[in-house]
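Student: First the structure, then my questions, so here it is.
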Amino acid sequence: MILTRHNLLRFLLSNNCISLRELLNDCWEVHDYSSKNNNFAFISSSKGLFIKQCISDGDKASLFGLERESDCYILVGGLASLNGIIPKLIHYFEKERILVTEYVVASINMFSYCRSNEVCLQRTASLLGMELSRCHFSLSQVVKFSDKGVKFVNQKPSIFTPEIMSEGGDVSIAQRQCLNIVKKHSDLMNGLTSLDSEWRVNGLIHNDMKLENCLVRFSNEDPEKKSIVGVTFIDWERVNIGDIAWDLAGIIEGYLTLLSSAMQQQAKKTHLFDHSLELGEISGQVRAALRVFWAAYIEGSKIEPTYTHTLLKRVAKYSAARLIQSTYNKLEGRDELGLDALLQIQLAQNLLSDPELNREKLFGF
């Protein structure tokens, strides 16, 4: 059965994902977020469901990701410490390759929220750091003590081996250009390949952590005030054992992308002094947010000071790798590099050429 907007309701009702009473007691809407796979949100003013269906028979990665995401939700189901932090599983229909989870109605992804006007980056950064630390701690306990028999493997990021990434036949022209830049600059190439030996397996990680996969949750009681109540981490398709520093780097890469976006806007403006002041303000806000995020995560994790600096060094280098990987992924289907991609690559090069010095300049700590 291939889900569509027209048969979605029938599927949910017939499989007891929603009751007829719930359906009649509220107004519901269907939102189609399909891309490579079928993605739908079925929502009311107070609750909702998110439905994913793998429809590509030859796409084993997508199917595996759907199964792995389901395994993750089963594994953490019922843990009070992760209530609201990870979506609840409603059901996984293996035959139809359909995953149904809770949908966070009153929310917005962190990247969009940070780009909106008049928001306090530091406030959400603190909350993000605390809840990610809680998430990592709870997941590590799950891996150690769960008896549910879900197996995870250690799979290092592909960006650690750029030469292999260019071997695929579906690599776009712009993606090849990106990889060629990496290969031509020894500090970039050597910096990325050296990360393979620095990788540590120290927890169960999201493995695709980015601001777009972090939802800022608001209170339903007063939508006008938009009181922030927490953060939910979504899209656990790539969950695996690995280095928690990779998740942390994903968040930091998101904040650095906000900075590079501001730099891109600066290049398009003509009034130099006006936007220089604006860029300086944005840069200060991003650096402050990074400091607050890091401090909140370290406090929540209760990591010993001895290991904090060691972790930070890996996070800084991984952040550079994430910048390259994110740029590469965004270039899918494109014929040429844009200014946005070049700025991301430049930031990555700065971090890898002198990690200690440029980390302090970019992060502010």
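Student: Among residues belonging to segment 342-365 that are touching a Lys or Arg at 6+ places or on another chain (Cβ under 7 Å) and in a helix (DSSP H, G or I), point out the one that is surrounded by the fewest Cβ atoms within 10 Å (Cβ to Cβ).
Tutor: P355
Student: Can you find, within segment 50-72, the residue that is modelled with the lowest pLDDT among those that are open to solvent by 10 Å² or more (accessible area, probe 1.4 Å) and in contact with a strand residue (DSSP E or B) (Cβ under 6 Å, 6 or more places away or on another chain)?
Tutor: I55
Student: State yes or no: is L121 on the phi < 0 side of the Ramachandran plot and open to solvent by less than 20 Å² (accessible area, probe 1.4 Å)?
Tutor: Yes: the conditions hold for L121.
Student: Could you pull out the residue among S35, S46, S56, S70 that is out of contact with any Cys (no Cβ under 8 Å at 6 or more places or on another chain) and part of a helix (DSSP H, G or I)?
Tutor: S70
Student: Run S133 past the list (1) more than 16 Å from the chain's Cα centre (by Cα); (2) open to solvent by less than 30 Å² (accessible area, probe 1.4 Å); (3) farther than 27 Å from F64 by Cβ and report the number of the one that doesn't hold.
Tutor: Condition not satisfied by S133: (1).
Student: Give the residue that is nearest to the chain's Cα centre (by Cα), with candidates limited to residues of segment 227-240 that are in contact (Cβ under 8 Å) with a residue 12 or more places away in the chain and open to solvent by 50 Å² or more (accessible area, probe 1.4 Å).
Tutor: Within segment 227-240, the match that is nearest to the chain's Cα centre (by Cα) is D235.
Matching residues to (1) open to solvent by less than 10 Å² (accessible area, probe 1.4 Å); (2) among the charged types (D, E, K, R):
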| site | (1), (2) |
| --- | --- |
| M165 | no, no |
| D170 | no, yes |
| R176 | no, yes |
| L179 | yes, no |
| V182 | yes, no |
| R200 | no, yes |
| K210 | no, yes |
| C214 | yes, no |
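Student: Quick check on my filter: what residues within segment 256-301 are of a type in the set (F, W, Y) and modelled with pLDDT of 95 or more?
Tutor: Selection gives F293, W294, Y297.
Student: Sticking with this structure for a sec: Please go through segment 23-32 and pick out each residue that is exposed (fewer than 14 other Cβ atoms within 10 Å of the Cβ) and assigned to a helix (DSSP H, G or I).
Tutor: Scanning segment 23-32 gives a single hit, L24.
The values are calculated or read from the model by the stated rules, or taken from the named source; none is laboratory data. Since we're looking at a predicted model, the values are computed, not measured. Positions of Cβ are backbone-derived with ideal geometry, glycine not excepted, and every protein chain shown enters the neighbour counts. Accessible surface is based on the protein model in full, side chains and every heavy atom, while ligands, DNA and RNA are left aside. Shrake-Rupley method; radii C 1.70, N 1.55, O 1.52, S 1.80 Å.
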